[in-house]
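The values are calculated or read from the model by the stated rules, or taken from the named source; none is laboratory data. Note that the structure is predicted; figures quoted are calculated from it, not measured. Glycine gets a Cβ as well: all are built from the backbone with ideal geometry, and neighbour counts include every protein chain shown.
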Amino acid sequence: MRDQRYELVLEVVRRVLRVELLDVHRDFFDLGANSLALMQVVSRVQQECGPAMSLADAFDAPDIDSFVRAAVERWPSASDESLNADAGRSAEPWTRRYPPRERI
């Protein structure tokens, strides 16, 4: 079942792989992705959506649908979001703003 979280993660995958129409039953590498693209997918999913994913999750997923479903299953719960808000961070991970890094 595709819900809003599924679609958000899928949109991240589409943007990183630069594809408009995405067959979710295909492997990342079948779509021309390489290891660097997979690292970007994992990083962007974590930054924009919140679930803690690893590069191994992307490699282990038999297809894109499996990876997206794993991300949705790991989505922070409402109690996790309240902890983030209490720590001074936005409850919506895709809206967090970080201060600019100092140049050395």
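Points worth noting:
- Within segment 8-28, tally of residues that are surrounded by 13 or more Cβ atoms within 10 Å (Cβ to Cβ) and either of a type outside the set (Lys, Arg) or touching a Pro at 6+ places or on another chain (Cβ under 9 Å) (or both): 13
- In segment 10-39, the residues that are farther than 23 Å from Gly50 by Cβ form Cβ pairs under 6 Å with partners that are of a type outside the set (Asp, Glu), at six or more places apart or across chains, as follows: Leu31/Leu17.
- Search result, residues across segment 29-39 that are within 14 Å of the chain's Cα centre (by Cα) and surrounded by 17 or more Cβ atoms within 10 Å (Cβ to Cβ): Ala37, Leu38
- Residue pairs whose Cβ atoms lie under 7 Å apart, separated by 6 or more positions or on different chains, with the first residue in segment 69-86 and more than 13 Å from Gln46 (Cβ to Cβ) and the second modelled with pLDDT of 50 or more and surrounded by 12 or more Cβ atoms within 10 Å (Cβ to Cβ), are Val72/Arg5; Val72/Tyr6; Val72/Val9.
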